[in-house]
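The values are calculated or read from the model by the stated rules, or taken from the named source; none is laboratory data. Values in this document were obtained by computation on a predicted structure and should not be read as measured data. Don't worry about glycine lacking a Cβ; one is built from the backbone with ideal geometry, like all the others, and counts go over all protein chains shown. Side chains are part of the model used for accessible areas, which takes the heavy atoms of the whole protein and leaves out ligands, DNA and RNA. Shrake-Rupley method; radii C 1.70, N 1.55, O 1.52, S 1.80 Å.
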Amino acid sequence: LFMNLLEQTDKLTIGIREQMTVLQALQYIEVNYASASLTHMAQGLHSDVSWLSREIRRRTGRTFTELLQERRLNQAVWLLCNTRQKVSDIALAVGYENISYFHRIFAKRFGCSPKDYRDTHK
């Protein structure tokens with residue numbers, strides 16, 4: 001019985017360590033959304049890029065890119081509603097260098113352009 005409990009404790013410790021790494025990854029995205037990269041994050045967490053990518057997907061049901069995009073778009077919405085910055089400046093501020101790509105993914109997510117979103121959510 002004791003040996004069985006020890007084996008289970010090892011599994012639990014590994015699971016907690018993996019969960020903590022994914023939580024740290026989510027915190028990294030939250031703080032560094034404008035310049036975040038999976039490679040840089042994995043280096044900072046001393047993890048293998050492929051393993052970290054799979055673990056994020058397994059534990060959140062979403063990819064690193066999906067999580068990053070959601071964070072960036074949420075910040076863009078906040079800036080649109082709370083500042084007078086130009087849309088192109090907002091796109092750059094949240095990490096999108098390609099303004100047309102920003103417009104495309106914003107419209108796909110919210111069903112309207114960033115400008116229209118701002119105009120209807122004043």
Study note, to complete from the structure: Within the range 104-118, residues being within 16 Å of residue 90 (Cα to Cα), free of Cβ contacts under 8 Å to residues at least 12 places away in the same chain and open to solvent by 70 Å² or more (accessible area, probe 1.4 Å) number 2
Revision key, fill the gap. Given the conditions (1) over 24 Å from residue 16 (Cβ atoms); (2) in a helix (DSSP H, G or I), every one holds for residue 54 apart from (1)
Revision key, fill the gap. Taking the range 46-70 and keeping residues open to solvent by less than 40 Å² (accessible area, probe 1.4 Å) and of a type outside the set (Val, Ile, Thr) leaves 47, 52, 55, 64, 67, 68
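Looking at the range 35-45, which of its residues are among the small types (Gly, Ala, Ser) and either open to solvent by less than 30 Å² (accessible area, probe 1.4 Å) or in contact with a Lys or Arg (Cβ under 7 Å, 6 or more places away or on another chain) (or both)?
Looking only at the range 35-45, we keep the residues that are among the small types (Gly, Ala, Ser), and these are 35-37, 42, 44.
Within the range 35-45, 36, 42 qualify.
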Practice item. Looking for whichever is open to solvent by less than 40 Å² (accessible area, probe 1.4 Å), part of a helix (DSSP H, G or I), among the small types (Gly, Ala, Ser) and over 14 Å from residue 30 (Cα atoms) here; the options are 91, 76. Which one fits? Key: 91
Exercise for review: Test residue 99 against the criterion of being farther than 24 Å from residue 26 by Cα, surrounded by 15 or more Cβ atoms within 10 Å (Cβ to Cβ) and among the aliphatic types (A, V, I, L, M), and give yes or no.
Suggested key: yes
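Given the condition in a loop (DSSP other than H, G, I, E, B), loosely packed, with under 13 Cβ neighbours inside 10 Å and at pLDDT below 95, answer yes or no: does some residue in the range 5-26 qualify?
Restricting attention to the range 5-26, the residues satisfying the condition of being in a loop (DSSP other than H, G, I, E, B) are none.
No: zero hits.
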Check your understanding: Does residue 85 satisfy the criteria of being part of a loop (DSSP other than H, G, I, E, B), open to solvent by 40 Å² or more (accessible area, probe 1.4 Å) and closer than 20 Å to residue 34 by Cβ?
Key -> yes
